[in-house]
Structure formats: structure tokens, C-alpha cells
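Here is the structure we will look at.
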Amino acid sequence: MINEHRIYHTNMDSENLKTIKNVGFKFMQIYLLQTRMFIIIDTINNFSFEKKAIMVVSNEKVQV
């Protein structure tokens, strides 16, 4: 599962990158430490995970 996730994030298309920026991510890094994967995200001040979820659900190209 981690390998699939890594491949997905390594080969992100422009639609996914556009959505990430539109929801308010300024910076994102993904780390893999043995069998654990974690993400560090820097966002705009009024970032909302609820807004991000709505934008992702409403865009078929972004859904996994």
C-alpha cells in the first residue's frame, strides 16, 4: 500500500497539483520512514480540511 501511495504522489498530474494549490496548500513534503509515511503541509491562514474535502469530492479527476 505504501508503494502504491508513493507511486501515485510521484506521478501526480496537473489536475491534482492545481487542486492542491487551490485548496490552500503552499508547501507539502511526504516522508517515508521504514513502514510509516507522513506528510508535512504548510497552508494559507484560512485553510480548511472541510473545504479541501468538498473540492476533492466534486472533482472526479482528483479522486483516487
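For first residues located in the range 1-19 and more than 21 Å from ILE44 (Cα to Cα), partners that are hydroxyl-bearing (Ser, Thr, Tyr) and surrounded by fewer than 10 Cβ atoms within 10 Å (Cβ to Cβ) and lie 6+ apart or on another chain with Cβ distances below 8 Å form the pairs ILE2/THR35. Residue count for the range 11-36 satisfying the condition of being in contact with a helix residue (DSSP H, G or I) (Cβ under 9 Å, 6 or more places away or on another chain), surrounded by fewer than 11 Cβ atoms within 10 Å (Cβ to Cβ) and not in a strand (DSSP E or B): 1. For the criterion of being hydrophobic (A, V, I, L, M, F, W, C), without any contact (Cβ under 8 Å) to a residue 60 or more places away in the chain, in contact with a Phe, Trp or Tyr (Cβ under 9 Å, 6 or more places away or on another chain) and closer than 21 Å to MET1 by Cβ, MET37 passes.
When ASN46 is tested against (1) in a loop (DSSP other than H, G, I, E, B); (2) modelled with pLDDT under 85; (3) of a type in the set (S, T, N, Q), just one condition goes unmet, and that condition is (2).
The values are calculated or read from the model by the stated rules, or taken from the named source; none is laboratory data. Every value quoted in this text rests on a predicted model; they were computed, and no experiment measured them. With ideal geometry, Cβ positions are generated from the backbone for all residues, glycine too; neighbour counts draw on all protein chains shown.
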